[in-house]
Amino acid sequence: MNIEKLSIAVFKLNYKDKTSEDYVYFQILSHLAEYGSFTVTELDKQIHYSKEKYPKKSLKIERRKLKNIIYGEDKNFEGLIPLNYVVAIPPFRNRGGFQEMDYYPTEKGIMISLGFFSYKQNINIKKVLKLFDYPYSKPYKKFASEFIKLQIEIFLLYHHIQGIVLGSKHEHDADYDRFRKIIVEPFYIRISNPILEIELHSLLKKLNIFRQIHAKFVKDNVVLKFIWNEPHGKKIPHHGFQGWYRISSLTSFDKNLKLKKSSKRKKIVKHRGKPILVSEFIYSTFQSYSKVSQNVVEREMKLLGIKST
């Protein structure tokens, strides 16, 4: 399964029903996927919805209601922040007086938006990869792009393979950091689809190779350590670079990148549904093969166009 289909399967937001709260979230997440951030003023009367009694009548959401929707203070909405779709960040600008908060997608918000704004089109991915356009980091751009995509695919497939739906689940960033640590150690999960089981094994084997490459370059390269947002003065996380989704610090790229209009969007997905229940499961063990030979690492580096140091 490709990353767009996996995102749709795992989050299952109801984008078609214009009377649903999911339809409002869809519009906001679409904006974030195209422009990277927003203030309440920027989206004032830009988001639409319909009431169940008058489904054909389109209403515009004013800023006060929009702010309540963001924080989950509207009785009809769980909220973008409680659902961990967005995060509020104090603005870097300093103009005096009252300053609105800037809102950015969380890691979850970015992964949801990949269901209707592809990996290559999504400004949040572009912003991270923009850091690799400079001469000192350009050789690592392909590696970084594939490594980020690989981590997202593994997260989505891990949940999809177990029939776990995350769209309406209240989570925290710590849950995602904990997942990154679990996924590199031996683990077993309940599975029903042997084809997807093979696919997850394949992705995890590739992840193990990429983790070796990451550790190899970051160890002695201060510039890459900064770009990949690794903790200063601490041991490099052995599960891979973890800061790729914290894109609020890359706001300066918004104006430049959003001018590049994306092509046609993906079709709107079907209504939310419950996970398919199956009668039989098997337990499969993963990551019992985490050791990778140096020859395999060197071969992958050549394919990525990067040289050993």
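What follows is calculated from the coordinates using simple rules that are stated; it is not laboratory data. Nothing here was measured: the structure is a model prediction, and the numbers come from that model. Here the Cβ is made from the backbone with ideal geometry for all residues, glycine too, and neighbour counts use every protein chain on show.
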When only alpha-carbon atoms count, how far does region 1-61 stretch along each of its three principal axes, as whole angstroms with the largest first?
37, 28, 12
Net charge contributed by nearby residues that have their C-beta within less than 13 Å of residue 199 (K/R +1, D/E -1):
+1
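Translational D (Stokes-Einstein, µm²/s) of region 73-157 at 4 °C and 1.567 mPa s when Rh comes from the Kirkwood sum over C-alpha pairs?
Values: Rh = 15.3 Å.
Estimated diffusion coefficient is 85 µm²/s.
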Suppose we look only past 16 Å in the calculated P(r) of region 1-118. What percent of the Cα-Cα pairs does that tail hold?
61 percent
Return the FRET efficiency for the residue pair residue 198, residue 173: r is the Cβ-Cβ distance, R0 is 25 Å, and the value is rounded to the nearest 0.05.
0.25
Rg/Rh over Cα atoms for region 105-148, Kirkwood Rh, comes to 1.02
Distance cut-off 31 Å, Cα to Cα: go down the list 108/307; 53/120; 12/127; 126/219; 108/205; 126/206 and report the pairs above it.
108/307; 53/120
